[in-house]
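To start, the structure under review is shown below, and the notes come after it.
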Amino acid sequence: MKTTSSKGKVSFLSKLAYGFGDVGCNFSWSFVVSFLMIFYTDVFGVSMAAVATLMLVSRIWDAVNDPIIGSLSDRTKSRWGRYRPWLLFGAPITGLILVICFWAHPDMNSMGKIIYMSITYGLLVLGYTCVNLPYGTLCGAMTQNIDERAQINTSRSVAAMIAIGIINIITVPLVKYCGDGTLSSAQGFIGVAAIYGLVFTFCHWFCFAKTKEVVEIPMSQKAYPIGEQLKAVVKNKPFLMAVVGQLLFGFILYGRNADLIYYFKYVEGNEDLFSFFSGVIVIPSIIGAAIFPLVFKWTGNKGWAASVFSVLMGVSMVVLYFFSPNEDPVLFYTFAALAQFFFSGFNTAIYAIIPDCVEYGEWKTGIRNDGFQYSFISLANKIGMALGTSLLALVMGWAGYEANVEQSETVKEVIHHAFSTVPGILWIITAGIMLFYRLSRKEYNQIINELENRKK
């Protein structure tokens, strides 16, 4: 493979195909984040405490396998590159595991259900890591042009927002259609999982087929032991900020996403509003992702761009608490749309940061380890998700949550705040933290020029 210059362009088709990779990712992971918890509690019949424990314990598993998969992907040698083969072979296996994960067994006792839940979720997490981690790393291998990377990540984010919108709009009615007409249908969930598993697979195959890896690791840099790579990571200050950003991102986003269906089902009394809500925010999602390059051009710093989106998103969510889709539909959906608009911009910015940190690390330490670094990004995101979802489950359980019954006012308040004020305040805090990201466009371009001069 050839080594690209910092001026290397990426074709529109390759950018589109890369975006489709995140369509596939979300037809798996967003489905899991938004619906697996309610599947476990309201269909599979597992307690909130067991779900919370599973989410926390699974991150120990991630802490082991994420750096290993990252290091293995960096060292992969094939005619297709380092990262693309993982999409080709990992996607169908992970799609199958997704189906197994949503296979309910009503005849199992409580302990049997917990064991089954733990094993299948553990396999799903591993499978997803084997696909998503190389996929995320692939962006940095497609070009070293900072503006091209911004456009690639914009394509990824726009595609992700569309996919999330589609999933959230169709999942509830699709579960009902495939099952017995309720959201508590075991048959409905496994049917939807089978459909989404196929989408996951074919989207990653398309990404594999239409993308290219042109940035190669010099041979002298491929054999560094994990200990040396860890030391290099610690010296990479922009990367450490990216890790903190991903931890907060996972904690806030996935905790709220897990709460959404509970909010509409139990607080607003109509789970079908979830689909309507998701439809309203699709267009703002797309527009928010698309304007990231403009905000980046204005700030000259991807972390500062993320900060702008984050603070505005936080304010919109706090205000959202005071309105209801049943009593104040216009104001409720207006602020919901604004929150999603700003979130989409933040989502694009936070992922656009990651590839740039790889070059900074190479410039600072002499070690380039794309996959290994991305494994920590993935791990931070998952730890955040585990903390967010498990804390939600623990607090709901403490408040007295019981599946498929009218909830107490205390439980409803917990769910309501988890939908609006809590994530809103946390996004505002995140905005302040992201101001400490210092790798600007000007500094990055200087780093790329110096790296190219070193190779001459």
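The values are calculated or read from the model by the stated rules, or taken from the named source; none is laboratory data. The structure presented is a predicted model; accordingly, all values stated were derived computationally and were not measured. All Cβ positions, glycine included, derive from the backbone under ideal geometry; neighbour counts span all protein chains shown.
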Next item on the list: May I ask you to list pairs of residues, at least six apart or on different chains, whose Cβ atoms are under 7 Å apart, with the first in the stretch 92-121 being surrounded by fewer than 17 Cβ atoms within 10 Å (Cβ to Cβ) and modelled with pLDDT under 90 and the second being in a helix (DSSP H, G or I) and among the basic types (Lys, Arg)?
Entry: 105/113
Next item on the list: Please give the number of the condition residue 64 fails out of (1) in a helix (DSSP H, G or I); (2) touching a residue at least 60 places away in the same chain (Cβ under 8 Å).
Entry: (2)
Next item on the list: Pick out the one residue from 72, 16 that is touching a helix residue (DSSP H, G or I) at 6+ places or on another chain (Cβ under 7 Å) and surrounded by fewer than 20 Cβ atoms within 10 Å (Cβ to Cβ).
Entry: 16
Next item on the list: Tell me which residues, restricted to the stretch 43-89, are of a type in the set (D, E, K, R) and closer than 18 Å to residue 383 by Cα.
Entry: 59, 62, 66
Notebook entry, point to check: What is the number of the single condition among (1) in contact with an Asp or Glu (Cβ under 7 Å, 6 or more places away or on another chain); (2) under 28 Å from residue 289 (Cα atoms) that residue 22 does not meet?
Noted result: (1)
Check: When you scan the stretch 167-187, how many residues do you find that are farther than 20 Å from residue 263 by Cβ, touching a residue at least 60 places away in the same chain (Cβ under 8 Å) and either basic (Lys, Arg) or outside any loop (DSSP other than H, G, I, E, B) (or both)?
Finding: 1
Check: Out of 77, 9, which single residue is touching a residue at least 24 places away in the same chain (Cβ under 8 Å), part of a loop (DSSP other than H, G, I, E, B) and of a type outside the set (A, V, I, L, M, F, W, C)?
Finding: 9
Notebook entry, point to check: What is the number of the single condition among (1) of a type in the set (A, V, I, L, M, F, W, C); (2) more than 27 Å from residue 226 (Cα to Cα); (3) under 20 Å from the mean Cα position of the chain (by Cα) that residue 86 does not meet?
Noted result: (2)
Note to self: For the stretch 23-30, check the following and say yes or no: at least one residue is under 30 Å from residue 400 (Cα atoms) and not hydroxyl-bearing (Ser, Thr, Tyr).
What the structure shows: yes
Check: Filtering the stretch 430-456 down to residues that are in a helix (DSSP H, G or I) and without any contact (Cβ under 8 Å) to a residue 60 or more places away in the chain, which residue is nearest to residue 339 (Cα to Cα)?
Finding: 443
Checklist line | Odd one out for residue 194 among (1) part of a helix (DSSP H, G or I); (2) without any contact (Cβ under 8 Å) to a residue 24 or more places away in the chain | finding: (2)
Next item on the list: Output the residues belonging to the stretch 268-310 that are closer than 24 Å to residue 425 by Cβ and in contact with a Leu (Cβ under 6 Å, 6 or more places away or on another chain).
Entry: 307
Note to self: For the stretch 313-323, which positions are surrounded by fewer than 20 Cβ atoms within 10 Å (Cβ to Cβ) and closer than 14 Å to residue 431 by Cα?
What the structure shows: 315
Note to self: For the condition assigned to a helix (DSSP H, G or I) and under 30 Å from residue 365 (Cβ atoms), what is the one hit in 279, 288, 303?
What the structure shows: 303
